[in-house]
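Only one structure is covered here, and it is reproduced in the block below.
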Ligand SMILES: [Zn+2]
């Protein structure tokens, strides 16, 4: 499974700290889909994460 570059993960961590939002990227090669959310219910966060990670769902 492909992993985002370290700089990408650092940027995500900074985004989380600064804005309180979470970014989830599709890990499919060359797929640029990403979902960002904040202040959502755990069930909604789970749904959005599955949507972002499930390449056949977007
Ligand atoms: Zn994808």
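The values are calculated or read from the model by the stated rules, or taken from the named source; none is laboratory data. Fair warning: this is a prediction, and the values are worked out from it, not measured in the lab. Note: ideal-geometry Cβ built from the backbone for every residue, glycine included; neighbour counts use all protein chains shown.
Looking at residue 45, is it in contact with a strand residue (DSSP E or B) (Cβ under 8 Å, 6 or more places away or on another chain), more than 14 Å from the ligand (Cβ to nearest atom) and free of Cβ contacts under 8 Å to residues at least 40 places away in the same chain? In short, yes. Please find, within segment 34-46, the residue that is modelled with the lowest pLDDT out of those that are exposed (fewer than 13 other Cβ atoms within 10 Å of the Cβ) and assigned to a helix (DSSP H, G or I). If we take residues in segment 34-46 being exposed (fewer than 13 other Cβ atoms within 10 Å of the Cβ) and assigned to a helix (DSSP H, G or I), then 42 is modelled with the lowest pLDDT.
Taken over segment 31-42, the criterion of being in contact with a strand residue (DSSP E or B) (Cβ under 8 Å, 6 or more places away or on another chain) and more than 13 Å from the ligand (Cβ to nearest atom) is satisfied by 36, 37, 38. Restricting to segment 9-30, name every residue that is surrounded by 13 or more Cβ atoms within 10 Å (Cβ to Cβ) and within 16 Å of the ligand (Cβ to nearest atom). Once the filter is applied, which keeps residues that are surrounded by 13 or more Cβ atoms within 10 Å (Cβ to Cβ) and within 16 Å of the ligand (Cβ to nearest atom), segment 9-30 yields 23, 24, 25, 26, 27, 28.
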